[in-house]
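The values are calculated or read from the model by the stated rules, or taken from the named source; none is laboratory data. Keep in mind that what you see is a predicted model, and the values were worked out from it rather than measured. Every residue, glycine among them, receives a Cβ derived from its backbone with ideal geometry; neighbour counts consider all protein chains shown. Areas reflect the complete protein model, heavy atoms only, side chains present, ligands, DNA and RNA absent. Shrake-Rupley method; radii C 1.70, N 1.55, O 1.52, S 1.80 Å.
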Amino acid sequence: MTADCIFCQIIAHEAPAEILYQDERVTAFQDIHPAAPIHILVVPNKHIPSINEASEEDAALLGHMQLIAQKIAKEQGIASRGYRLITNVGNEGGQVVYHLHLHLLGGKRLSFTRYI
Ligand code: 5GP
Ligand code: ZN
(Lines give C-alpha, C1' and ligand atoms only; values in the text may rest on other atoms or scores of the structure.)
(Ligands and ions follow the chains in the order given, each with its own letter.)
Protein backbone atom coordinates (compact mmCIF):
# COMPACT_ATOMS: atom_id res chain seq x y z
CA MET A 1 0.00 0.00 0.00
CA THR A 2 1.34 3.39 -1.04
CA ALA A 3 -0.55 5.98 0.99
CA ASP A 4 -0.74 8.71 -1.65
CA CYS A 5 -1.78 6.36 -4.47
CA ILE A 6 -5.49 6.61 -5.38
CA PHE A 7 -5.61 3.02 -6.65
CA CYS A 8 -4.02 1.69 -3.45
CA GLN A 9 -6.70 3.62 -1.55
CA ILE A 10 -9.45 2.06 -3.70
CA ILE A 11 -7.97 -1.43 -3.19
CA ALA A 12 -7.96 -0.82 0.58
CA HIS A 13 -11.56 0.53 0.45
CA GLU A 14 -10.27 3.84 1.74
CA ALA A 15 -11.47 5.72 -1.37
CA PRO A 16 -14.80 5.16 -3.12
CA ALA A 17 -15.07 3.13 -6.32
CA GLU A 18 -17.52 0.73 -7.91
CA ILE A 19 -15.59 -2.49 -7.35
CA LEU A 20 -16.70 -5.37 -9.59
CA TYR A 21 -14.20 -7.98 -8.49
CA GLN A 22 -11.57 -8.38 -5.82
CA ASP A 23 -9.38 -11.24 -4.65
CA GLU A 24 -6.09 -11.43 -2.77
CA ARG A 25 -4.11 -10.44 -5.87
CA VAL A 26 -6.20 -8.10 -8.03
CA THR A 27 -9.06 -5.60 -7.92
CA ALA A 28 -11.32 -4.47 -10.78
CA PHE A 29 -13.46 -1.34 -10.68
CA GLN A 30 -15.31 1.06 -12.96
CA ASP A 31 -13.25 3.84 -14.49
CA ILE A 32 -14.44 7.19 -13.13
CA HIS A 33 -14.37 8.78 -16.62
CA PRO A 34 -15.45 6.01 -18.98
CA ALA A 35 -14.07 6.35 -22.51
CA ALA A 36 -16.34 3.60 -23.88
CA PRO A 37 -19.69 2.04 -22.84
CA ILE A 38 -17.68 -0.49 -20.82
CA HIS A 39 -14.50 0.84 -19.22
CA ILE A 40 -13.16 -1.16 -16.29
CA LEU A 41 -9.73 -1.06 -14.68
CA VAL A 42 -7.99 -4.23 -13.52
CA VAL A 43 -5.17 -3.52 -11.08
CA PRO A 44 -2.76 -5.61 -9.01
CA ASN A 45 -3.29 -5.20 -5.27
CA LYS A 46 0.49 -4.85 -5.03
CA HIS A 47 1.70 -1.32 -5.85
CA ILE A 48 3.68 -1.65 -9.09
CA PRO A 49 4.01 1.84 -10.65
CA SER A 50 4.00 0.65 -14.28
CA ILE A 51 4.95 -2.33 -16.42
CA ASN A 52 8.47 -0.84 -16.42
CA GLU A 53 8.83 -1.82 -12.77
CA ALA A 54 7.36 -5.33 -13.10
CA SER A 55 9.80 -8.23 -12.76
CA GLU A 56 9.92 -11.98 -13.25
CA GLU A 57 8.42 -12.53 -9.80
CA ASP A 58 5.30 -10.67 -11.02
CA ALA A 59 4.79 -12.93 -14.05
CA ALA A 60 1.96 -14.96 -12.51
CA LEU A 61 0.30 -11.79 -11.22
CA LEU A 62 0.39 -10.21 -14.70
CA GLY A 63 -1.17 -13.35 -16.14
CA HIS A 64 -3.84 -13.34 -13.44
CA MET A 65 -4.74 -9.74 -14.33
CA GLN A 66 -5.33 -10.80 -17.95
CA LEU A 67 -7.47 -13.76 -16.92
CA ILE A 68 -9.57 -11.63 -14.57
CA ALA A 69 -10.07 -9.15 -17.43
CA GLN A 70 -11.24 -12.10 -19.56
CA LYS A 71 -13.66 -13.21 -16.81
CA ILE A 72 -15.10 -9.71 -16.46
CA ALA A 73 -15.47 -9.36 -20.23
CA LYS A 74 -17.52 -12.57 -20.20
CA GLU A 75 -19.64 -11.32 -17.29
CA GLN A 76 -20.20 -8.02 -19.10
CA GLY A 77 -21.36 -9.91 -22.21
CA ILE A 78 -18.67 -8.56 -24.54
CA ALA A 79 -16.25 -11.50 -24.74
CA SER A 80 -17.56 -12.80 -28.07
CA ARG A 81 -18.14 -9.31 -29.50
CA GLY A 82 -14.62 -8.23 -28.70
CA TYR A 83 -12.92 -5.68 -26.54
CA ARG A 84 -9.56 -4.07 -25.90
CA LEU A 85 -7.03 -4.45 -23.08
CA ILE A 86 -4.62 -1.54 -22.81
CA THR A 87 -1.77 -0.70 -20.48
CA ASN A 88 -0.42 2.84 -20.78
CA VAL A 89 3.23 3.17 -19.77
CA GLY A 90 4.89 6.42 -18.75
CA ASN A 91 4.55 9.98 -19.95
CA GLU A 92 4.47 9.47 -23.70
CA GLY A 93 2.33 6.36 -23.23
CA GLY A 94 -0.37 8.51 -21.66
CA GLN A 95 -0.11 7.06 -18.16
CA VAL A 96 -1.67 9.34 -15.54
CA VAL A 97 -2.03 7.04 -12.53
CA TYR A 98 1.26 5.38 -11.57
CA HIS A 99 -0.21 2.15 -10.27
CA LEU A 100 -0.17 -0.50 -13.00
CA HIS A 101 -3.61 -1.10 -14.55
CA LEU A 102 -5.27 -2.78 -17.49
CA HIS A 103 -8.02 -0.80 -19.22
CA LEU A 104 -10.83 -3.14 -20.31
CA LEU A 105 -12.67 -1.20 -23.01
CA GLY A 106 -15.66 -2.38 -24.99
CA GLY A 107 -19.33 -2.14 -25.78
CA LYS A 108 -18.77 -0.43 -29.11
CA ARG A 109 -16.63 -0.91 -32.20
CA LEU A 110 -13.21 0.46 -31.30
CA SER A 111 -10.98 2.21 -33.80
CA PHE A 112 -8.00 0.31 -35.16
CA THR A 113 -5.83 3.42 -35.26
CA ARG A 114 -6.96 5.26 -32.15
CA TYR A 115 -6.99 4.50 -28.46
CA ILE A 116 -10.80 4.11 -28.37
P1 5GP B 1 -3.96 6.02 -17.33
O2 5GP B 1 -4.04 7.27 -18.16
O3 5GP B 1 -3.04 6.19 -16.16
O4 5GP B 1 -3.66 4.79 -18.14
O5 5GP B 1 -5.42 5.78 -16.80
C6 5GP B 1 -5.88 6.18 -15.54
C7 5GP B 1 -7.37 5.93 -15.52
O8 5GP B 1 -7.79 5.99 -14.19
C9 5GP B 1 -8.18 6.96 -16.32
O10 5GP B 1 -8.99 6.29 -17.28
C11 5GP B 1 -9.00 7.68 -15.25
O12 5GP B 1 -10.30 8.02 -15.68
C13 5GP B 1 -9.02 6.65 -14.12
N14 5GP B 1 -9.09 7.23 -12.78
C15 5GP B 1 -8.29 8.24 -12.30
N16 5GP B 1 -8.61 8.51 -11.02
C17 5GP B 1 -9.62 7.64 -10.69
C18 5GP B 1 -10.36 7.45 -9.50
O19 5GP B 1 -10.18 8.11 -8.48
N20 5GP B 1 -11.32 6.49 -9.52
C21 5GP B 1 -11.55 5.72 -10.63
N22 5GP B 1 -12.52 4.80 -10.54
N23 5GP B 1 -10.86 5.88 -11.78
C24 5GP B 1 -9.90 6.84 -11.81
ZN1 ZN C 1 -0.81 2.08 -5.67
Output the residues belonging to segment 1-32 that are among the β-branched types (Val, Ile, Thr) and either more than 13 Å from the chain's Cα centre (by Cα) or farther than 24 Å from Lys74 by Cα (or both).
-> Thr2, Ile6
With the first residue restricted to segment 6-34 and required to be free of Cβ contacts under 8 Å to residues at least 12 places away in the same chain and β-branched (Val, Ile, Thr), and the second required to be away from ligand 2 (no atom under 11 Å from the Cβ) and part of a strand (DSSP E or B), Cβ contacts under 8 Å at 6 or more apart or on different chains are Ile19/Ala28; Ile19/Phe29
Is one or more of the residues making up segment 3-14 within 9 Å of ligand 1 (Cβ to nearest atom), under 21 Å from Arg84 (Cβ atoms) and of a type outside the set (A, V, I, L, M)?
-> yes
Would you check which residues across segment 32-47 are within 16 Å of ligand 2 (Cβ to nearest atom), open to solvent by less than 40 Å² (accessible area, probe 1.4 Å) and in a loop (DSSP other than H, G, I, E, B) and list them?
-> Asn45
Among the listed residues Ile78, Ile68, which satisfies the condition of being surrounded by 15 or more Cβ atoms within 10 Å (Cβ to Cβ) and not in a loop (DSSP other than H, G, I, E, B)?
-> Ile68
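Before we move on, is Ala59 aliphatic (A, V, I, L, M), open to solvent by 30 Å² or more (accessible area, probe 1.4 Å), away from ligand 2 (no atom under 16 Å from the Cβ) and part of a helix (DSSP H, G or I)?
yes
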Could you list, in sequence order, the residues of segment 17-31 that are open to solvent by less than 60 Å² (accessible area, probe 1.4 Å), among the aliphatic types (A, V, I, L, M) and over 15 Å from Met1 (Cα atoms)?
-> Ala17, Ile19, Ala28
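So which residues in segment 1-31 are of a type in the set (Phe, Trp, Tyr), within 15 Å of ligand 2 (Cβ to nearest atom) and in a strand (DSSP E or B)?
Answer for segment 1-31, where residues must be of a type in the set (Phe, Trp, Tyr), within 15 Å of ligand 2 (Cβ to nearest atom) and in a strand (DSSP E or B): just Phe29.
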For segment 65-80, indicate whether the set of residues that are among the hydroxyl-bearing types (Ser, Thr, Tyr), closer than 19 Å to Ile10 by Cα and at pLDDT 95 or above is non-empty.
-> no
Residues (within 11 Å of ligand 1 (Cβ to nearest atom) and not hydrophobic (A, V, I, L, M, F, W, C)) located in segment 21-35 | Thr27, Gln30, Asp31, His33, Pro34
Scan segment 90-115 residue by residue and report those that are assigned to a loop (DSSP other than H, G, I, E, B) and surrounded by 14 or more Cβ atoms within 10 Å (Cβ to Cβ).
-> Gln95, Val97, Tyr98, His99, Leu100, His101, Gly107, Leu110
Could you tell me which numbered condition Thr113 fails, if it satisfies all but one of (1) β-branched (Val, Ile, Thr); (2) touching a strand residue (DSSP E or B) at 6+ places or on another chain (Cβ under 7 Å); (3) more than 14 Å from ligand 1 (Cβ to nearest atom)?
-> (2)
